[in-house]
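Okay, structure first, notes after.
The values are calculated or read from the model by the stated rules, or taken from the named source; none is laboratory data. Quick caveat: nothing in here was measured; it's all calculated off a predicted structure. Note that we place each Cβ from the backbone using ideal geometry, even for glycine, and neighbour counts take in every protein chain shown.
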Amino acid sequence: MEEENIRTEDAGAETQFGKFRTADALVHAYEQLEAEFTRRSQRLKALEAEKKAAEDAMQAAGAAQTPPSPAQPDAEALYRAVCENEGVRSRIVSEYLAGLGGVPLMAGGGAPVTAPKTRARSFAEAGDLALGYFRSHNKQ
């Protein structure tokens, strides 16, 4: 009895084709899918060949025509243009000073030296430094 139940369950499992009602419908759908896949593969291959041909043509045209190098701007004209533009001038100076990490002081031999940082060792020294800072900035 159990063998018959197993056989009927197997037979029932074989006849189920998901959303397809019959085996013929499933085979027909597979054939359509296979044909569509073949068409798309052929189209993809043709597009890849077109792309490669276009890239080769562009590369050949680029090798044949090298663009002329841009002419060097007249240094004096460029200097005058920068001097006349306050925004460009201030940007150049501020970027230069920011890159220094402090204003260099020239010592003997032309070697740049930065001033050492002053640190207070007590509250009294901190107060004196703060007063000196405020007095020097009020004079400006």
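Quick one: is residue 104 modelled with pLDDT under 85 and loosely packed, with under 10 Cβ neighbours inside 10 Å? It is false that residue 104 is modelled with pLDDT under 85 and loosely packed, with under 10 Cβ neighbours inside 10 Å. Might you let me know whether segment 65-75 holds any residue that is at pLDDT 80 or above, surrounded by fewer than 10 Cβ atoms within 10 Å (Cβ to Cβ) and not in a loop (DSSP other than H, G, I, E, B)? Yes, because at least one residue in segment 65-75 is at pLDDT 80 or above, surrounded by fewer than 10 Cβ atoms within 10 Å (Cβ to Cβ) and not in a loop (DSSP other than H, G, I, E, B). Residues satisfying the criterion are absent from segment 11-20 (criterion: part of a helix (DSSP H, G or I), surrounded by 10 or more Cβ atoms within 10 Å (Cβ to Cβ) and modelled with pLDDT under 90).
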